[in-house]
Structures are given as C-alpha cells and as structure tokens.
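Student: Before anything else, here's the structure in question.
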Amino acid sequence: MRKTFKYRLYPTATQQELLRMQLFEACCLYNAALQERREAYRTHGAALNYYTQAKQLKEIRAAGDLLLPNYHCAQDVLKRLDRAFQAFFRRIKRGEKPGFPRFKSSRRYDSITFPSHGDGNRLLGKHLRIHGVGEIKIKLHRPVDGEIKTVTVKRECNQWFVCFSLECAKKLLPALDNAIGIDVGLESFAVLSNGEAIQNPRWYREAEAKLRRAQRKVARRKKGSQRRRKAVALLQKRHARIWRLRNEFQHKQSYKLMQNYGTVAMEDLKVQGLAGGMLSKAVHDVGWASFFAKIAYKAESAGRNLIKVNPAGTSQTCLCGATVRKLLSDREHVCSACGLVEPRDLVSAQVILQRARISPSNLNVGEVAPCVV
C-alpha cells in the first residue's frame, strides 16, 4: 500500500535560498504553461495537454529559460497543471461550480516534487540530498519503512519539510473477534457502543482568542508591507498549531481503535454537506473527514474490518426497531415501545453496530423482541 511520511528539514541559509529559487522557477513554469493553454484556446481553439507541453521542456531548458536543475521536477509541474484542468472539466460534467485554474503567486507556490528517488535525490543517513541544493539535515523521527517513490519538498510557515511517498507492506495486527460501533458528534468527539465517550478537545474554540488578535494584526497592516508579511506568518503559525494538535489527537484515537477491536463500524457520512450549515464551525473544528480517513487507512494496513453503514435514521431509531423522533437538543433516548432510556449518542453507536451486523434496526416494533425487560 502507498503511504506518505513527513519529516522536518533544517537547511542552511544558502540552501534555503536555493530551495526558494527552485520554488520560484517552478511557479514561473506553471504560470507560463497556464498562459500557453489559455492563449492556444483563445486564438486557435486548440486544447493543449500535458504531452504537448512536455515535449517543449528540452528546448526551453537548452535555451536557458528554465533554471530548474531536475528535469523530472519540471515534468511534475506540468502534470500538476494538467490535473487542475482535468478537475475543472470533471466538475463541469457533474454540474458543479467549476473554478478555472488560476495563476499562482510565488509566495503561495510552496512545494516541488521529484518523482523518482535516486534521480539526484537520495537519503544519506541523517541528510537528504536534493538535486541542485546539496545535502540537507533531516530529522528522522521514525524509520523510513518501504521503497521511496516520490520526494516532495514543502515550505510551511517558513519551515521546510520533506514528504516521502512510500510503497510499503501492510503491518497486520493479531486477529481479534470483537467489534465496536462509533457515533461521532459535537458534544463528544465520539461515543463507542460499549459506553466509552471520547471528549471533544475543541482546539479551534480554545485558540479563537489568539487567532482573533493575530487576524487583527494582519488587518491593520498595509498590504504589501514587510510588517504585514510578518503578521501573516504569525497567523499561519497559529493555524498550523491547531492543525497539528487535531492531527495528533485523531492519530492517537484511531490507533487505539485498531489496537483494541477487530471490526469497526461507523456511519458513511457526507461531511461536506454537514460542514455548510449553522454548525459549520463546530463541524470543521472536530474534523470528522480526516478522522474517518485515518481509520480507513489504518484498518487497511492492520488487516482490520471496517464497515460503513447508512447514516439515515441512526439517531432516530431504537435498538428494538421503533422510530423515536428527537430534536438535536434532546440528549436522552426514551423509547415508548420497549422502555429503553439511554443517552442518545450511546444508542446511536449501538444502532450503527447493529446495522453493521445485518441486524434488524429498522423493522416494525411488533416484529422484534423488546430490548429491555
């Protein structure tokens, strides 16, 4: 399976300048290729593709108009533009808001990819050799397990990182025959079907005061000034810290689930639709989509069974199959058919697990036995 490992880089001042130069050249190539596509369609009605533009790279490099030292890196820039156009046309076919590919500022073009490890790029112990830059100190906080397919150098908040895309073998865990249902929420991050509740840390809410002050500094600075760039860098660091805390928390919780349960059942939620309503801030803060993605890839790597069930009615259904209508403010589940009284999130988690086991959770009350005595 394919995984991406991210490590911190510590380049010298000279190496940072060389990296910035490569990012600038990649950005110029991206914008020039985009301009060529626009002009070709406007003047001749011709639609250029990646292969048409890639054939020109040797001539451009020979003329000295492109200073990217790695040829494959230049190819990846054109592939990135081609993917942007493919996504544009795909959204048009689906009837979505398309969003035509735009020119990029050199301040926002923050990554370059070398598609092959060994093509002037090699991991040498505690250093990483980058074509055109030299050997950069790298912090290997975890071993690189697998074959490196691509090397991506990124700039984040004036810090440098490298992302290795690896082809690695699955690490199967000892088989377990137990199962758990997960009901995610906003009051609690998640409630398990065994009654365990995972508290919602609310990282964004906790940092809102500091974010407000950092955003105010940006708004008060003159656009284009050095002081505004410093204020923007501070705001980026605030947001980056929130993301790191949320990411670490979700990794720990998904790891615990894979270690302790052989089957994990959860709702197949459309998070994008939920994130556009009146609770959008809370939904974005809790980060359900990234949590589900971590569970999915960890389950595949560990050999666990992941079951996604239809989320329709999980909070409005009792374990006996009866429909129990509740508002969002109703936090207790009270079933008049069987007499079950439990927290609504716990019952929802048990219904999710019940559906994953192909049990009747939406039948008529008279067709099933009561769930309490």
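Student: For the chain, which whole percent of the accessible surface, found with a 1.4 angstrom probe, sits on carbon and sulfur atoms?
Tutor: Roughly 51 percent, rounded to a whole number.
Student: Rounded to the nearest 0.05, what FRET efficiency do H284 and E135 have when you use their Cβ-Cβ distance and R0 = 30 Å?
Tutor: My answer for the efficiency is 0.15.
Student: Here's something else I'd like to know. Select from C163, Q250, N194 the residue farthest towards the positive end of the dipole of the chain; place +1 on Cβ of Lys and Arg, -1 on Cβ of Asp and Glu, and compute about the Cα centre.
Tutor: In the chain, that residue is C163.
Student: Any of K154/K230; K79/K170; K171/K294; K149/K171 with alpha carbons more than 27 Å apart? Name them for me.
Tutor: K79/K170
Student: Related question: Filter the GluC sites (Glu not before Pro) in the range 108-192 down to the DSSP loop ones having no more than 11 other Cβ atoms within 10 Å, then list what survives.
Tutor: For GluC sites (Glu not before Pro) across the range 108-192 that sit outside H, G, I, E and B with at most 11 neighbouring Cβ atoms in 10 Å, the list is empty.
Student: Taking the 0 to 90 degree range and rounding to the nearest ten, how far is the long axis of helix 288-302 tilted relative to the main principal axis of the chain, both from C-alpha atoms?
Tutor: Between helix and principal axis, roughly 90 degrees.
Student: I'd like the antiparallel share, as a percent to the nearest 5, of DSSP beta bridges with both residues in the chain.
Tutor: Percentage antiparallel, nearest 5: 80.
Student: State the answer as a single residue: which of I92, F24, A47 lies farthest towards the positive end of the charge dipole of the range 1-110, with beta carbon charges of +1 for Lys and Arg and -1 for Asp and Glu, about the Cα centre.
Tutor: About the Cα centre, the residue reaching furthest to the positive side is I92.
Student: At 1.4 Å probe size, with every protein chain present, just tell me what the per residue accessible area of the chain comes to in Å².
Tutor: Roughly 58 Å² per residue, with all protein chains present.
Student: Same structure again: Calculate the length of the line joining the C-alpha centroid of the range 255-285 to that of the range 1-39, in whole Å.
Tutor: 33 Å
Student: Applying the Karplus parametrisation 6.51 cos²θ - 1.76 cosθ + 1.60 with θ = phi - 60° to the phi angles of the range 134-141, what ³J(HN,Hα) value in whole Hz is obtained for each residue in order, glycine and proline being reported as x?
Tutor: x, 8, 10, 5, 10, 9, 8, 6
Student: Would you kindly derive the ³J(HN,Hα) couplings of the range 105-116 from the backbone phi angles with the Karplus curve 6.51 cos²θ - 1.76 cosθ + 1.60 (θ = phi - 60°), listing them in order in whole Hz, with x for Gly and Pro?
Tutor: 7, 5, 6, 10, 8, 10, 8, 9, 10, 9, x, 9
Student: Modelled label-to-label distance, K237 and K149, 7 Å Cα→beta-carbon offset: nm?
Tutor: 3.6 nm
Student: Any idea what Rg and Dmax come out to for the range 50-190 if you just take the C-alpha atoms, in Å?
Tutor: 20.5, 65
Student: Evaluate the distance, in nm, between pseudo-label points positioned 7 Å from the Cα of A296 and of R83 along their respective Cα→Cβ axes.
Tutor: Roughly 1.6 nm, to one decimal.
Student: Ok, one more. Test of the criteria: in the range 95-192, which chymotrypsin sites (Phe, Trp or Tyr not before Pro) are in a DSSP loop and have at most 11 other Cβ atoms within 10 angstrom of their Cβ?
Tutor: Answer in residue order: F103.
Student: List the aspartates and glutamates whose alpha-carbon lies under 12 Å from that of K308, not counting same-chain residues fewer than 8 positions away?
Tutor: The reachable aspartates and glutamates, counting only those whose Cα sits under 12 Å from K308, are D183, E267, D268.
Student: So what are the ³J(HN,Hα) numbers for the range 330-343, from phi and the Karplus equation (6.51, -1.76, 1.60; θ = phi - 60°), rounded to whole Hz, Gly and Pro as x?
Tutor: Result, ordered by residue: 7, 9, 10, 9, 10, 9, 6, 7, 10, x, 6, 10, 8, x Hz.
Student: Given a Förster distance of 41 angstrom, what is the FRET efficiency for K170 paired with D110, based on the Cβ-Cβ distance and rounded to 0.05?
Tutor: Calculated value: 0.80.
Student: Same structure, new question: Please give the calculated 222 nm ellipticity per residue for the chain, where each DSSP H segment of at least 4 residues contributes -39500 (n - 2.57) and the sum is spread over every residue; nearest 500 deg cm²/dmol?
Tutor: Mean residue ellipticity at 222 nm (helix-derived): -14000 deg cm²/dmol.
Student: How would you classify the range 1-99 from its alpha-carbon gyration tensor, with a ≥ b ≥ c the square roots of the eigenvalues: rounded for a/c under 1.5, else prolate if a/b is greater than b/c, otherwise oblate?
Tutor: Here the range 1-99 falls in the oblate category.
Student: Ok, one more. Rounded, prolate or oblate: pick one for the chain, where a ≥ b ≥ c are the square roots of the eigenvalues of its C-alpha gyration tensor, a/c under 1.5 means rounded, and failing that, prolate if a/b is larger than b/c, else oblate.
Tutor: Prolate shape, in that a/c is at least 1.5 and a/b is the bigger ratio.
Student: In addition: For the pair S336 and N260, what calculated FRET efficiency results from E = 1/(1 + (r/R0)^6), where r is the Cβ-Cβ distance and R0 = 30 Å, to the nearest 0.05?
Tutor: Working from the Cβ atoms, E equals 0.30.
Student: Moving on to the next point. What percent do you get for the relative contact order of the chain when only Cα pairs under 8 Å and 6+ apart count?
Tutor: 15 percent
Student: Just subtract the alpha-carbon distance of K126 and A275 from 0.36 nm times their residue separation and send over the number in nm, one decimal.
Tutor: 49.5 nm
Student: Search the structure for amide H atoms under 5 Å from the amide H of H127, placed 1.01 Å from N in the peptide plane, and list their residues when 5 or more places away or on another chain.
Tutor: Residues meeting the criterion, in which the H sits 1.01 Å from N, are I138.
The values are calculated or read from the model by the stated rules, or taken from the named source; none is laboratory data. In this text, all values refer to a predicted model and were calculated from it rather than measured experimentally. Don't worry about glycine lacking a Cβ; one is built from the backbone with ideal geometry, like all the others, and counts go over all protein chains shown. Side chains are part of the model used for accessible areas, which takes the heavy atoms of the whole protein and leaves out ligands, DNA and RNA. Shrake-Rupley method; radii C 1.70, N 1.55, O 1.52, S 1.80 Å.
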